[in-house]
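The values are calculated or read from the model by the stated rules, or taken from the named source; none is laboratory data. Values in this document were obtained by computation on a predicted structure and should not be read as measured data. Cβ: placed from backbone, ideal geometry, glycine included. Neighbour counts: every protein chain shown. Only protein heavy atoms, including side chains, enter the accessible area calculation; ligands, DNA and RNA are left aside. Shrake-Rupley method; radii C 1.70, N 1.55, O 1.52, S 1.80 Å.
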Amino acid sequence: MPESVSGKLKSVFPAPIYRDTVLAPVFVDAQRFYLEPLLQIQYAHTLMLGRVGIMEHNEVVQCIRALDGLDLEKIRSAKYDGSFEDLYFFVERELAGVCGYENAGKMHTARSRNDIDLTMYRMVLRGRLASLMSRLLDVRTSLVKLAWEHRASLMPAYTHNQPAQPTTLGHYLMAIIECFERDFERLDAAIPRVNRSPMGACAITTTGFGIDRHYVAQMLGFEGLQVNSYGAIAAVDYVAESCSMLATCMLNLGRLAQDLLQWCSVEFGYLRLSDGYVQISSIMPQKRNPVPLEHVRILASKALTQSQALLGCLHNTPFADINDSEDDLQPMVYSAFDDAERSLRLLAGALEEVEVCTDRMAACADANFLTVTELADTLVRSTGMSFHSAHEIVSKAVKVMLGAYDPVKIIAYVRQILAEQYSHLPTPEAGLLERALLAKNFVAVRKIDGGPAPEALEPEIERALQLVTKDKLKLQAHLERFSTAREQLHDAARSLLASSGD
């Protein structure tokens, strides 16, 4: 019942509104995201307390038995009733019911919910980073296969959303692949900075007990300590960086999705999704809507926006232990990673079954004046004139066509100008100028590093394929570190119980 203070009714903890708006939702999130890492922390910290002599051997044994005996289904399905503050205290109460109040209380020696919370956040986040890297590898694998298959498939390259010059689909896809390679590199580099243990920082200034922070870090799969205790509790750059990396990846993904959607339109007609990846209209019988690509786009946009929102939420907050960076914020991070993974997974699936309309793309590459840059280049090479002069000649030829592309007329006009104004220069053969206006030739002569010609492009696609293999090994190393730590923690607990005759 509420207490009366100075004639006013005052709630006892937890006040019903506080319970319903904060504690209950936070408890549900903790059940979903933090039960497993919390229990791993309980095991690792308790084993450490025994190793350094802060807890007696028999006390540690009783606590490990209690941890083993927890009814996890009961914990996962528990409804918040206000008789405890949060998941930590609920688990502590359950432990006390098995190993006794004093033993359960001793488990909390030399630690705080502060360092426990930050440790859980980092453990969850490192897993999310690794999972996102895995999805990104799937997309890169699909793109590399498509790039190799269509390394010679002609298509227009676009600038300012207008057809600009011929290239190949393989050349375009390699540009996207390079973006995703850098995204993977950034995510991979973020993991070691996330994967630092705050345990032992306690509230914010460590402890007077002689604990072994390194042992706990090793048992939990961390690569080292977040050394300074103040920073271990107060710093938020570990999550800000991760979300920034995620946002950059989603920016790249969204731009690709936008292009693919355009290419699926009737006006472009470059791509056709398989029947499994289109939806029909309830009224228009002819419709084949590539809506999965719209879902890729919106999911990427949601992930990016949530990632940016994290930076806004943390901006100008105190450098301290604050709830702004904790209970209400962390689930938004996981939502962003969930949406990003869904987006990448969906795109990888659609790409596996996509049909590329190569004839349509090639026809567009050979139209709309896309090759006239090479015509100007050919004039430079064959006559020795400056590119400025060549550009001016070809530009005039394009203008007199009034938008109606006709290679024969363009060549005739160029030769006329050369005869009238540049008779002192060698006159290029008509066949040479005709080749200059072929999209296939345009691509073939662009053979320097980074170009679309086979000599330049094919080694790059092969490099990208090899890098996928190398990056899979990097990801596997992270995952093995996490799984090995779980096994070591399990083995250490079993060894302790075995030494006591269990």
Item to complete: Ignoring everything but the protein chains, give the 1.4 Å probe accessible area of residue 487 in square angstrom, nearest 10.
Response: 110 Å²
Worksheet item: Dipole of the chain, Cα-centred, from +1 at each Lys and Arg C-beta and -1 at each Asp and Glu C-beta, to the nearest 20 debye?
Response: 640 debye
Discussion item. Leaving out ligands, DNA and RNA, and with a 1.4 Å probe, what % of the accessible surface on segment 327-435 is carbon or sulfur?
Written reply: 51 percent
Fill in: Expected 222 nm ellipticity per residue - DSSP helices of 4 or more, -39500 (n - 2.57), all of the chain, to 500
-21500 deg cm²/dmol
Worksheet item: In segment 416-445, which residues have a backbone nitrogen under 20 Å from the label point lying 7 Å from residue 392's Cα in the Cα-to-Cβ direction?
Response: 416-428
Practice prompt. Working from Cα positions, state the angle (0 to 90°, nearest 10) between the long axis of helix 387-400 and the longest principal axis of the chain.
Written response: 80 degrees
Fill in: Pair residue 286, residue 335: separation of 7 Å Cα→Cβ label points (nm)
4.1 nm
Fill in: Over 27 Å between alpha carbons, listed pairs 447/474; 74/474; 409/440
447/474; 74/474
Discussion item. Just to verify a number: what accessible area does residue 341 come out at with the full protein assembly present, 1.4 Å probe, Å² rounded to tens?
Written reply: 30 Å²
Worksheet entry | Computed magnitude of the charge dipole of segment 331-463 (debye, nearest 20; Cβ of K, R +1, Cβ of D, E -1) | 680 debye
Worksheet, complete the sentence: Of 237-248, 268-279, ordering from highest average Cβ density within 10 Å down gives 237-248, 268-279
Worksheet, complete the sentence: For the chain, dividing by residue count, accessible area per residue (probe 1.4 Å) in Å² works out to 48 Å²
Worksheet entry | Mean separation of Cα contacts under 8 Å (6+ apart) over length of the chain, as relative contact order % | 18 percent
Practice prompt. Over segment 100-251, calculate the relative contact order: mean separation of alpha carbon pairs under 8 Å at least 6 apart, over the residue count, as a percent.
Written response: 29 percent
Discussion item. Using a Förster radius of 41 Å, what is the FRET efficiency between residue 83 and residue 160 based on their Cβ-Cβ separation? Nearest 0.05, please.
Written reply: 0.05
Worksheet item: Where Lys and Arg each count +1 and Asp and Glu each count -1, what net charge lies around residue 459 among other residues with Cβ under 12 Å from its Cβ?
Response: -2
Worksheet item: How big is the Rg/Rh ratio for segment 84-196, C-alpha atoms only, Rh by Kirkwood, two decimals?
Response: 1.36
Fill in: Hull-based mean projected area of segment 181-281, where the convex hull spans the alpha carbons, in square nanometres
10.4 nm²
Practice prompt. Show 263, 148 ordered by accessible area, largest first, where the area counts protein heavy atoms only and the probe is 1.4 Å.
Written response: 148, 263
Worksheet item: What order, most packed first, do the peptides 307-320, 289-302 have when packing is the mean number of other Cβ atoms within 10 Å of each residue?
Response: 289-302, 307-320
Worksheet item: Going highest first, how would you order 184-190, 65-71, 331-337, 216-222 by mean Cβ packing within 10 Å?
Response: 216-222, 331-337, 184-190, 65-71
Discussion item. Is there a quick way to get the dipole size of segment 282-409? I mean about its Cα centre, with the Cβ of Lys and Arg at +1 and of Asp and Glu at -1; what is the value in debye to the nearest 20?
Written reply: 940 debye
Practice prompt. Could you grab the relative contact order for segment 123-198? Cα pairs under 8 Å, six or more apart, rounded to a whole percent.
Written response: 37 percent
Practice prompt. Using label points projected 7 Å from each Cα along Cα→Cβ, tell me how many nm separate residue 205 and residue 255, to one decimal.
Written response: 5.0 nm
Fill in: Counted charge near residue 316, where neighbours are those whose Cβ lies closer than 15 Å (Asp, Glu -1; Lys, Arg +1)
-2
Item to complete: Could you tell me how many degrees, from 0 to 90 and to the nearest 10, lie between the Cα long axis of helix 169-194 and the main elongation axis, the longest principal axis, of the Cα atoms of the chain?
Response: 20 degrees
Worksheet item: Which is farthest toward the positive dipole end of the chain among 454, 309, 298, measuring Cα position about the Cα centre, with Cβ charges +1 (Lys, Arg) and -1 (Asp, Glu)?
Response: 454
Practice prompt. State the answer as a single residue: which of 230, 144, 205 lies farthest towards the positive end of the charge dipole of the chain, with beta carbon charges of +1 for Lys and Arg and -1 for Asp and Glu, about the Cα centre.
Written response: 144
Item to complete: Note down the net charge around residue 289, summing +1 for each Lys or Arg and -1 for each Asp or Glu among other residues with Cβ under 14 Å from its Cβ.
Response: +2
